[in-house]
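*Asks:* Sending over a structure as structure tokens; questions will come in a sec.
The values are calculated or read from the model by the stated rules, or taken from the named source; none is laboratory data. Everything numeric in this text was worked out from a predicted model, so none of it was measured. Methodologically, a virtual Cβ is constructed for each residue, glycine included, from the backbone with ideal geometry; neighbour enumeration extends over all protein chains shown. For the accessible areas, the whole protein counts, side chains as well, though only heavy atoms, and no ligand, DNA or RNA atoms are used. Shrake-Rupley method; radii C 1.70, N 1.55, O 1.52, S 1.80 Å.
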Amino acid sequence: MFRFLLPLFRLELRGVFVLLRYIGLASGIPNFYDRGAFESSQIDEWLDYAPILSSGSEFENACKYIDSFLEKRTFLVGHSLSTADIAIWNWGEMGKPEEVKEIYKSCSLVQFNYSRSHQHIFGKKGSGKPVVAKPKGAQVVNGAIPEKGKTGTGPSSEVDLPGAEIGKVRLRFAPEPSGFLHIGHLKAALLNQYFAQRYQGQLILRFDDTNPAKESSEFVENLMKDVETLGVKYVAITHTSDYFPQLMEMAEKLIREKAYVDDTPQEQMRKERMDGIESKCRNNTIEENLKLWKEMIAGSERGLKCCLRGKLDMQDPNKSLRDPVYYRSNPVPHHRIGAKYKIYPTYDFACPFVDALEGITHALRSSEYHDRNAQYERILQDMGLRKVNIYEFSRLNMVYTLLSKRNLRWFVENGKVEGWDDPRFPTAQGIVRRGLKIEALVQFILEQHAL
């Protein structure tokens with residue numbers, strides 16, 4: 001039993017959560033416990049729930065419940081840290097901390113251990129101010145945090161790329177030219193630069209231009225402008241469209257081995273994938289598939305109804321492995337190479353192929369691609385290409401801020417904003433127009449990875 005004595009009032013408070021409530025109210029930290037009737041009641045509900053995590057038969061179910069609850073949230077209550085987060089975290093450490101830590105990690109919740117949590121909330125030496133978690137004395141140098149005490153002898157073990165060797169790391173930042181860079185993309189760009197510098201490696205800027213309906217030369221020019229503004233240094237500029245001939249050759253090779261052409265209507269195909277039902281076209285002969293493939297290349301009426309799919313496993317629990325689409329018909333001219341092609345590879349097909357051809361050693365992918373990482377590895381295997389290491393980082397989300405390019409495009413196309421650089425937009429150019437210094441933006445992004 002935890003007790004807290006208040007000699008002045010000759011009172012004694014008993015119990016972990018009674019003390020948490022008291023500290024939350026007495027600390028003066030805004031919104032830590034006192035949030036009004038509704039959210040304070042939600043916090044109380046979590047405090048009552050927390051002991052389930054300590055031990056017993058309900059622990060596993062409790063972890064699953066928290067995992068599900070945090071799937072689309074950062075904090076248990078509202079949009080900031082509260083007594084509820086501390087209670088669940090620290091009570092979990094009394095039970096089976098590794099499982100709880102993994103849940104918090106997978107849901108991108110603020111990560112801290114027992115002692116560090118108090119520093120995060122109450123500050124250093126009783127200052128009452130929250131402390132930002134970052135490397136001591138960290139400064140931004142060319143868009144990256146230099147390692148503490150490093151003189152170029154090699155990386156520390158704090159955040160490592162798997163299998164990385166000094167001087168042999170090759171990375172790529174591969175934005176799609178379908179809009180301007182927004183703050184969510186900046187994390188990927190700066191992390192790639194950080195690791196390239198840390199391992200004395202190379203960084204390629206690649207434009208993932210496989211969807212001509214959404215892409216344009218204007219976006220390419222502005223993406224280059226944004227990358228330059230961020231101070232990201234790269235050794236080469238490439239385009240996925242540079243590899244269209246090789247991609248088509250690989251597609252034909254797979255048609256003879258592990259792919260088929262499917263003319264199933266899109267909605268029906270989506271339902272079959274969800275239900276694990278094989279397409280009627282899955283067992284077409286190689287000759288039939290090659291004939292339909294030529295129809296796709298020609299952009300004929302029949303060909304426009306078809307797509308190329310990998311023959312993987314329609315019963316796999318991971319739905320990304322249920323015969324994914326490799327090529328789609330699209331008669332829209334490409335902004336860079338014109339109307340030469342009527343078919344284009346999907347990102348999931350082109351990305352691993354180009355990564356392997358360009359000698360990429362590590363592909364940095366945000367957590368939104370987690371379920372598709374197995375697909376990435378399987379496609380590389382079926383292509384007979386070398387393995388590329390995947391490094392997964394948490395996706396950056398922001399409260400009350402749209403980061404979907406599809407949604408941002410709607411505002412631009414409907415004249416709701418001045419353009420992609422509108423100061424109300426979360427794009428790099430919009431943020432700079434609003435007055436934020438690029439150095440502060442870079443520091444903010446890198447500190448998210450340091451947390």
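*Asks:* What are the pairs, 6+ residues apart or on separate chains, where a residue within the range 407-423 that is in contact (Cβ under 8 Å) with a residue 60 or more places away in the chain has its Cβ under 8 Å from a residue that is in a loop (DSSP other than H, G, I, E, B) and among the hydrophobic types (A, V, I, L, M, F, W, C)?
*Replies:* LEU408/LEU402; LEU408/TRP420; LEU408/PHE425; TRP420/PHE180; ASP421/PHE180
*Asks:* Could you give me the residue pairs with C-beta distances under 9 Å whose first residue belongs to the range 366-380 and is under 18 Å from ALA188 (Cα atoms), whose second residue is of a type in the set (Asp, Glu) and not in a helix (DSSP H, G or I) wherever it lies, and which are 6+ apart or on separate chains?
*Replies:* SER366/GLU392; SER367/GLU392; TYR369/GLU392; HIS370/GLU392; ASN373/GLU392
*Asks:* Just checking, how many residues over the range 248-280 are over 10 Å from ARG309 (Cα atoms) and among the aromatic types (Phe, Trp, Tyr)?
*Replies:* Here the count works out to 0.
*Asks:* For the condition charged (D, E, K, R), open to solvent by 60 Å² or more (accessible area, probe 1.4 Å) and modelled with pLDDT of 95 or more, what is the one hit in LYS319, LYS294?
*Replies:* Values: LYS319 fails: modelled with pLDDT of 95 or more.
LYS294 is the lone residue from the list that is charged (D, E, K, R), open to solvent by 60 Å² or more (accessible area, probe 1.4 Å) and modelled with pLDDT of 95 or more.
*Asks:* Confirm whether GLY310 is at pLDDT below 95 and either farther than 20 Å from ARG378 by Cα or out of contact with any Ser or Thr (no Cβ under 9 Å at 6 or more places or on another chain) (or both).
*Replies:* Spelling it out, it is not the case that GLY310 is at pLDDT below 95 and either farther than 20 Å from ARG378 by Cα or out of contact with any Ser or Thr (no Cβ under 9 Å at 6 or more places or on another chain) (or both).
*Asks:* Here's something else I'd like to know. Among the numbered criteria (1) open to solvent by 30 Å² or more (accessible area, probe 1.4 Å); (2) modelled with pLDDT of 90 or more, which single criterion is violated by GLU158?
*Replies:* Every listed condition holds for GLU158 apart from (2).
*Asks:* Return only the number of the condition from (1) open to solvent by 50 Å² or more (accessible area, probe 1.4 Å); (2) modelled with pLDDT of 95 or more that PHE353 does not satisfy.
*Replies:* That leaves (1) as the condition not met.
*Asks:* I'm trying to understand the selection: among the residues of the range 174-195, which are open to solvent by less than 10 Å² (accessible area, probe 1.4 Å) and more than 16 Å from ASN222 (Cβ to Cβ)?
*Replies:* LYS187, LEU190, LEU191, ASN192, GLN193, PHE195
*Asks:* Further question on the same structure: Could you please give the count of residues in the range 280-301 that are in a helix (DSSP H, G or I) and not basic (Lys, Arg)?
*Replies:* 11
*Asks:* Out of all the residues in the range 326-361, which are of a type in the set (A, V, I, L, M) and free of Cβ contacts under 8 Å to residues at least 40 places away in the same chain?
*Replies:* The answer is ALA339, ALA356.
*Asks:* Return the residue satisfying two criteria in turn: it lies in the range 297-316 and is out of contact with any Leu (no Cβ under 8 Å at 6 or more places or on another chain) and acidic (Asp, Glu), and of such residues it is least open to solvent (accessible area, probe 1.4 Å).
*Replies:* Among residues in the range 297-316 that are out of contact with any Leu (no Cβ under 8 Å at 6 or more places or on another chain) and acidic (Asp, Glu), the one least open to solvent (accessible area, probe 1.4 Å) is ASP316.
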